[in-house]
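Notes to accompany the following structure.
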Amino acid sequence: MLAALAVPALVATGWLAVGGPRPEPTVAISITGSRAGDRVTFAWTWAPQRAGDTFEVLVRGRVVPRADARLDLAADGRQCIRVRVLDAAGVPRGGFSDEGCAG
């Protein structure tokens, strides 16, 4: 009886993988930003990197798709973004990053 309770608990917590891939760890994203006049430029790095990775950038309440790890915008004052990495199939590899700000 104890084994009948323990195995589902181990599966639910990720300690025992049964019949499928293990969940990916969260992607670590680091954002840098700089200002030049009325423009801000953001770039980001992430790990682990994979071929075919793309991005969604949360900026000004909108999600903007990006193929490269860079975004240039017109902005008065301080501007912040958050980034999420998508795999080659377009599936998120984790949640949005912490904010990165410039200005």
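Which cross-chain or sequence-distant (5 or more) residues have an amide H under 5 Å from the amide H of Ser97, H modelled 1.01 Å from N in plane?
Answer set, sorted by chain and number: Val83, Arg84.
What percent do you get for the relative contact order of the stretch 41-80 when only Cα pairs under 8 Å and 6+ apart count?
Relative contact order here is 44 percent.
Applying the Karplus parametrisation 6.51 cos²θ - 1.76 cosθ + 1.60 with θ = phi - 60° to the phi angles of the stretch 59-71, what ³J(HN,Hα) value in whole Hz is obtained for each residue in order, glycine and proline being reported as x?
9, 6, x, 10, 9, 10, x, 9, 8, 10, 8, 7, 8
What is the ratio of the Cα radius of gyration of the stretch 21-83 to 2.2 N^0.38 Å, with N the residue count, to two decimals?
1.24
Order the peptides 42-50, 81-89, 61-69 from the highest to the lowest mean number of other Cβ atoms within 10 Å of their residues. Spell out each step's value before the answer.
Numbers: 42-50: 14.8, 81-89: 17.4, 61-69: 10.7.
Ranking, from highest mean packing down: 81-89, 42-50, 61-69.
Quick note: the coordinates plus some simple rules give every number you see, no bench work behind them. Here the structure is a predicted model, which means the values were calculated and not measured. Cβ: placed from backbone, ideal geometry, glycine included. Neighbour counts: every protein chain shown.
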